[in-house]
1. Kindly flag which residue pairs out of 272/294; 177/294; 188/329; 329/376; 177/282; 177/235 have an alpha-carbon separation exceeding 26 Å in this structure.
2. Once a ≥ b ≥ c are taken as the square roots of the eigenvalues of the Cα gyration tensor of the stretch 249-346, is the result rounded (a/c under 1.5), prolate (a/b larger than b/c) or oblate (a/b not larger than b/c)?
3. Give the relative contact order (percent, whole number) for the stretch 331-385; include only Cα pairs under 8 Å separated by 6+ residues.
4. Report the net charge of residues surrounding residue 300, where surrounding means a beta-carbon distance below 11 angstrom and charges are Lys +1, Arg +1, Asp -1, Glu -1.
5. Residues with beta-carbon under 11 Å from that of residue 144, excluding residue 144: net charge, scoring Lys, Arg +1 and Asp, Glu -1?
6. So what does residue 231 come to for accessible area, using a 1.4 Å probe and Å² rounded to 10?
7. Near residue 328, within a Cβ-to-Cβ distance under 9 Å, what is the net charge of the other residues, with Lys and Arg +1 and Asp and Glu -1?
8. Per residue, how much accessible surface does the stretch 334-390 expose to a 1.4 Å probe? Answer in Å², no decimals.
Amino acid sequence: MNLDNMHVPHILSVLLFTLLLIQNTINTKASSYEMKENPFGPHASTGNSLENLSDQSLIGNNSGRPISTSDNNSILLSAPPQHSISSKIVKPRDNVRTNLSNLNESSLNIGNNNKLGSVYVVDYANIRVQKFDLGGHFITKWGTEGNLDSQFRVPHSIAVDTSNNIYVTDMTALNVKKFDSSGHFVTKWGTEGTGNGQFNHPHGIVVDDSGNIYITDMRNFNVQKFDSGGHFITKWGTEGTSNGQFKAPEGIAIDSQGDIYVSDTTNNNIQKFDSGGHFITKWGTEGTGNGQLKRPAGIAIDSGDNIYVSDAGNDRIEKFDNSGKFLLKWGSQGNGNGQLDSPHDIAIDDNGNLYVVEQGNFRVQVFSSDGKFITKWGSAGSNENQFLDPHSIIVSHHII
């Protein structure tokens, strides 16, 4: 009798049982890894395990493309030839975004971390302020129509100080209100009139590093300066077209030297003043050419003292140096990515990205400093993350 032949069935049974056990272990480990979203296009699966990924073009049906694990327990998925990358590392519970704009958000450090700063948008027609993180995710809102401290009549422009307090001009209540970063009322000032500290149509607002507040008044044709408690300091401007005069002063911004820039939507120019209101220079004429303007509105200034202007009537953004030399422009009328419809205000985050509110498209678009589209959010309506007239925007400072 051959003992070796007698043990063959037993050996085969043991081998089969071992293989089944190994397969079961592999499946159990693989299913424990979640891939929440697939960044490779609209046909990607959104299932929670690798089994659901097997139908995607990333791996391919019966393609033979391997799935393996690295030494640090990451899952390596070999990509098909049509993708520009050779492999994608997906770690357990890695929050992978689903589209190019969100991938750009991640690469430019904008996302749902409130410590990186927040975006505040004044919605003129919804009579409120909405707060978002830098990626456009809704955080909170405040404001309803009325005369209470927490309410607005017609909020217009918004500013932030170095402590991330928020200031909002109300062009119908004719005052300025100060809130903390969560929207809790702090104080207010202003009454109707033409005297010191009074308003007829308060529009743009900005706060310098010392806490001084500058406000443009479209019907008093001036700029007023207040301390951080709302006490009047000085003012300048009269109606006209000469140096230091205004027809419709709108946006206002401050550079690193403390100089003040004011847009005039009727004179179609930008005027530059020192912090005491003394005229320095101006630029801009009405038109569509480089450096020309048509109803310029919001202004923002980056860390290099480059000036960005919302050229609302031309549906574009223009970039200048601090002497008014034209550098760059982008945008055209439309609702596609990078297109604009009545861009009314502009703000810059600590990374140099630009946030533009559009009255015509009811949204916010984010661009790099050279005008490359990054992401967008918003639609027409009164729900969270919707707008009826997004009029002004500001980005709070990085919180250390």
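The values are calculated or read from the model by the stated rules, or taken from the named source; none is laboratory data. Owing to the predicted nature of the structure, the values given are computational and were not obtained by experimental measurement. FYI the Cβ positions are ideal-geometry reconstructions off the backbone, even for glycines, and counts take in every protein chain you see. Side chains are part of the model used for accessible areas, which takes the heavy atoms of the whole protein and leaves out ligands, DNA and RNA. Shrake-Rupley method; radii C 1.70, N 1.55, O 1.52, S 1.80 Å.
1. In this structure, 177/294; 188/329; 177/282 lie more than 26 Å apart at Cα.
2. Because a/c hits 1.5 or more and a/b exceeds b/c, the stretch 249-346 counts as prolate.
3. 23 percent
4. -3
5. +2
6. Its heavy atoms expose roughly 110 Å² to the probe.
7. Around residue 328, the charge tally is 0.
8. Here the residues of the stretch 334-390 average 34 Å² of exposed surface.
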